[in-house]
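The values are calculated or read from the model by the stated rules, or taken from the named source; none is laboratory data. Worth saying up front: this structure is predicted, and the values here are computed from it rather than measured. No Cβ is skipped: glycine too gets one built from the backbone with ideal geometry, and neighbour counts run over all protein chains shown. When the accessible area is computed, the model is the full protein with side chains, heavy atoms only, and any ligands, DNA or RNA have been set aside. Shrake-Rupley method; radii C 1.70, N 1.55, O 1.52, S 1.80 Å.
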Amino acid sequence: MELFAQTLVNGLLQSGLYALVASGLALAVGVVGIVNFAHGEYLMIGAFLAWAGSALLGLDPLLSLPVIAVAVYGVGALTYRVSIRHVLLAPELNQMLLTFGLGILLQNLALMLLGGNTRTVSTPYQASSLQLGELSVGGPKALAFGLAAALLGALYGVLYRTTLGRQMRAVAQNRRGAQLIGINVDRVYLIAFSVSCALAAVAGVLVSVLLFASPTVGLVFALKAFAIIVMAGLGNLTGVLWASVLLGVSEALVQTYVPGGGGWSDAVFFLMIFGTLVLRSFRGAR
Amino acid sequence: MKTFLMTGVLLALSGAGAVKVGVLLPLSGAGSVSGQAARSGYGLALDEINRAGGVLGKPLELEFADDGSAPAKAVPEFVKLVTVEKVDFMAGGVSSATSIAISGPAKQYGTFMAWIGAAAVPVEDAFADHPYFFHYHPWSYYNFEAILGYFRYLKTYKKAKNIAIAYEDGPFGSAGIDATVAAFKKAGFNVVMTEKFKTGSGNFGPLVSKAKAAKPDILYWVGYDTDALPLATEVKQQNLQLGLLYGTPPSWPVGFEKNKLSDNVAGLSLWLSSSPNKESRAFVAAYRKKYGTVTDEYFAPLAYVNLKTLAAAINAAGSTDKARVAAELAKTNVPTPFGPLTFTPSLKTKYQGFKAGNWLHFQYLGDARVPVFPIKFAQQPMVYGR
């Protein structure tokens with residue numbers, strides 16, 4: 001029973017990180033309507049910036065988090081201006097090829113500038129945990145979960161309680177209609193895409209504390225984020241949290257209770273994508 | 001005449017006719033720390049070789065390629081080096097998975113392989129009938145022989161009885177797992193957990209929870225450098241009480257020793273910069289002079305020894321003819337930072353370099369890797385239990 005409870009806690013904590021990564025991707029897909037295959041690379045930039053701040057300036061990654069989020073918001077805005085905006089009306093395949101290429105470019109730039117080594121940060125709270133009886137709740141992962149919930153809540157608030165949010169939802173529903181009523185669609189896209197990149201970077205900062213920074217660190221999380229947004233429904237922000245929890249807990253259960261589960265856990269998200277798509281097509285057929 | 005001379009000068013300047021060695025390494029991905037360390041070792045050896053006149057009176061050239069720690073990337077890079085770059089010899093190789101993947105083309109092209117890594121037995125199987133395969137790194141059963149020796153010591157003197165095993169699901173971790181479990185049991189240990197994990201995933205929560213339930217004395221993990229910190233973090237967070245956390249990654253994360261979580265973590269290494277032998281001290285001094293720093297990654301001196309011995313064999317052969325170079329390399333008997341290097345048969349291959357006796361066991365103690373076993377090499381007493 002104790003192992004089962006700890007497994008649930010492990011899965012829940014892991015899902016926080018997944019939700020952080022997936023929320024940004026959901027925003028890009030939902031509002032801008034672009035599947036950003038380079039999303040993991042913005043996470044990687046955040047992780048490297050956190051490592052650089054820690055290694056070169058002695059800054060705690062969590063303290064540098066707001067600065068990194070703003071910096072990567074800027075990188076996202078630049079990316080949008082230079083590349084993304086030019087393919088928004090192009091066929092989806094072109095959009096995918098562009099973001100895929102962008103991901104490769106960013107990954108290789110990181111390789112050239114920083115090499116392939118994994119970089120780790122050292123913080124006093126890295127191994128902190130809260131003991132609830134026999135249960136251990138890891139501090140940084142709990143923080144990631146709390147941050148994900150707070151950011152998703154804030155994002156939800158912005159989308160449903162502010163003018164900008166209403167504009168975003170209008171643009172997401174009907175680009176031309178939004179344009180006709182005077183919404184600056186280009187500006188809305190710019191903000192949504194840049195916020196999406198900033199959210200990935202926030203996840204990257206936490207990844208640097210929990211794991212490491214490396215040119216390829218974003219890929220694992222980006223794949224899981226794709227599974228989550230497929231489960232939640234493309235662009236469905238509210239579904240991201242529960243889909244993340246479902247993925248995190250499923251992985252933990254597989255790892256703990258399936259023989260050789262550690263080798264199978266990465267198949268869980270593929271199964272979930274498969275299951276969701278089959279279920280959706282079945283519902284659609286009815 | 002003038003044109004002829006000009007052509008000759010241009011050819012000489014372009015390095016035409018130079019002996020080319022292709023070096024396939026994981027410069028990115030899961031094995032990148034080992035790959036980067038090896039590249040530094042090759043760079044140092046190359047400087048020394050060319051300063052001493054190169055090989056066959058020509059400069060030695062290295063063509064590096066990044067296998068990305070991925071078999072799918074390793075194969076085209078290998079084929080490109082052999083067929084497009086037309087290298088005379090291949091060196092490098094860290095990961096077992098990539099080495100298995102290139103075994104087909106290596107045999108197809110009859111490539112000369114002076115290989116520094118790839119410890120898994122399936123690699124030995126794959127290259128068993130290859131006439132030009134020189135393997136410098138000990139095979140995994142030699143590694144395990146050394147580990148078992150250390151654990152037996154812990155059993156006798158520290159009452160270590162229960163072992164939990166965590167292993168990555170690629171060939172490096174998985175290939176010999178059944179034999180490992182059987183050998184531990186035969187040596188009188190209780191194997192209380194055997195768990196797979198995905199290297200680089202960083203998701204060790206469930207694995208550590210299971211280990212906690214199994215109450216091991218030693219948690220023995222076989223993975224890569226990317227797994228070291230997440231695993232140590234999770235062990236600490238879940239308050240898993242261990243006698244020893246012992247890992248066997250080919251390399252450790254950069255700066256791991258400065259993280260408090262590395263305290264008392266133990267591991268296996270072919271070499272440490274504090275190794276007192278003369279060749280080791282010379283290597284450390286030369287390395288520091290070239291790079292301004294010191295490394296503890298054994299893939300740096302291993303690559304250094306690899307290229308130096310290959311160059312010496314080419315010079316002794318007097319040509320790049322593979323059979324003649326192989327015959328000369330087989331005669332190698334030189335002192336190295338790891339001890340003497342000779343090639344003798346392994347269980348399946350003809351030319352095996354280092355074996356079980358070359359391994360050291362160390363612990364992270366006070367921001368450094370300190371040898372703790374075999375006892376005669378120990379520089380500080382080991383810390384067992386926490």
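Brief remarks follow.
- A:Leu111 surrounded by 17 or more Cβ atoms within 10 Å (Cβ to Cβ), away from chain B (no Cβ under 12 Å) and part of a helix (DSSP H, G or I): no
- Enumeration of residues in the range B:159-205 that are closer than 30 Å to A:Val217 by Cα, assigned to a strand (DSSP E or B) and not small (Gly, Ala, Ser): B:Ile165, B:Tyr167, B:Glu168, B:Met193, B:Thr194, B:Glu195, B:Lys196, B:Phe197
- Some residue of the range A:235-254 being surrounded by 14 or more Cβ atoms within 10 Å (Cβ to Cβ), without any contact (Cβ under 8 Å) to a residue 40 or more places away in the chain, within 13 Å of another protein chain (Cβ to nearest Cβ) and not charged (D, E, K, R): yes
- All positions within the range A:68-86 that are in contact (Cβ under 8 Å) with a residue 12 or more places away in the chain and not hydroxyl-bearing (Ser, Thr, Tyr): A:Ile68, A:Ala69, A:Val70, A:Ala71, A:Val72, A:Gly74, A:Val75, A:Gly76, A:Ala77, A:Arg81, A:Ile84, A:Arg85
- Residue list for the range B:358-368, filter: crowded, with 23+ Cβ neighbours inside 10 Å and free of Cβ contacts under 8 Å to residues at least 40 places away in the same chain: none
- Extreme residue, surrounded by the fewest Cβ atoms within 10 Å (Cβ to Cβ), among residues of the range B:216-259 that are within 11 Å of chain A (Cβ to nearest Cβ) and charged (D, E, K, R): B:Lys258
- Inter-residue pairs, beta-carbon under 9 Å, first within 22 Å of B:Pro276 (Cα to Cα) and among the hydrophobic types (A, V, I, L, M, F, W, C) and in the range B:328-357, second open to solvent by 20 Å² or more (accessible area, probe 1.4 Å) and assigned to a strand (DSSP E or B), 6+ apart: B:Val334/B:Pro340; B:Val334/B:Thr342; B:Leu341/B:Asn333; B:Leu341/B:Val334; B:Leu341/B:Pro335
- Out of B:Ser201, B:Ser209, sole residue that is open to solvent by less than 10 Å² (accessible area, probe 1.4 Å), facing another protein chain (nearest Cβ under 8 Å) and touching a helix residue (DSSP H, G or I) at 6+ places or on another chain (Cβ under 7 Å): B:Ser209
- Qualifying position, being more than 14 Å from every other protein chain (Cβ to nearest Cβ), over 21 Å from B:Asn306 (Cβ atoms), open to solvent by 40 Å² or more (accessible area, probe 1.4 Å) and at pLDDT 95 or above, among B:Val75, B:Val9: B:Val75
- Where helices (runs of 4 or more DSSP H) fall entirely within the range B:16-118, those with at least 1 residues that are under 13 Å from the mean Cα position of the chain (by Cα) are at B:32-51, B:96-108.
- Of all residues in the range A:165-185, those that are surrounded by 14 or more Cβ atoms within 10 Å (Cβ to Cβ) and assigned to a helix (DSSP H, G or I) total 12.
- Within the range A:10-28, the set of residues being surrounded by 24 or more Cβ atoms within 10 Å (Cβ to Cβ) and over 9 Å from the mean Cα position of the chain (by Cα) comprises A:Asn10, A:Gly11, A:Leu13, A:Gln14, A:Ser15, A:Gly16, A:Leu27, A:Ala28.
- Taken over the range B:46-67, the criterion of being in contact with a Ser or Thr (Cβ under 9 Å, 6 or more places away or on another chain) and open to solvent by less than 20 Å² (accessible area, probe 1.4 Å) is satisfied by B:Val55, B:Asp67.
- Selection count where residues are at pLDDT 95 or above and touching a strand residue (DSSP E or B) at 6+ places or on another chain (Cβ under 7 Å), scope the range B:279-309: 5
- Pairs are defined by a Cβ separation below 6 Å, a sequence spacing of at least 6 or placement on different chains, a first member in the range B:102-115 that is polar (S, T, N, Q), and a second member that is assigned to a strand (DSSP E or B); the pairs so defined are B:Thr111/B:Met90.
- Residue within the range B:332-346 that is β-branched (Val, Ile, Thr), at pLDDT 90 or above and open to solvent by less than 10 Å² (accessible area, probe 1.4 Å) present: yes
- Some residue of the range A:130-143 being open to solvent by less than 20 Å² (accessible area, probe 1.4 Å) and touching a strand residue (DSSP E or B) at 6+ places or on another chain (Cβ under 8 Å): yes
- Sole exception among (1) within 14 Å of chain A (Cβ to nearest Cβ); (2) in contact (Cβ under 8 Å) with a residue 40 or more places away in the chain; (3) under 27 Å from B:Gln238 (Cβ atoms); (4) surrounded by fewer than 24 Cβ atoms within 10 Å (Cβ to Cβ) for B:Thr194, by number: (2)
- Of the criteria (1) at pLDDT 95 or above; (2) out of contact with any Ser or Thr (no Cβ under 9 Å at 6 or more places or on another chain), which one B:Ala164 fails: (2)
- Being closer than 30 Å to B:Leu261 by Cβ and of a type in the set (A, V, I, L, M) holds for only one residue in A:Ala170, A:Ala178, A:Ala203, and it is A:Ala203.
- Some residue of the range A:31-38 being crowded, with 24+ Cβ neighbours inside 10 Å and under 22 Å from A:Gly133 (Cβ atoms): no
- Residue check for A:Val75: closer than 27 Å to A:Thr238 by Cβ, away from every other protein chain (no Cβ under 14 Å) and surrounded by fewer than 22 Cβ atoms within 10 Å (Cβ to Cβ): no
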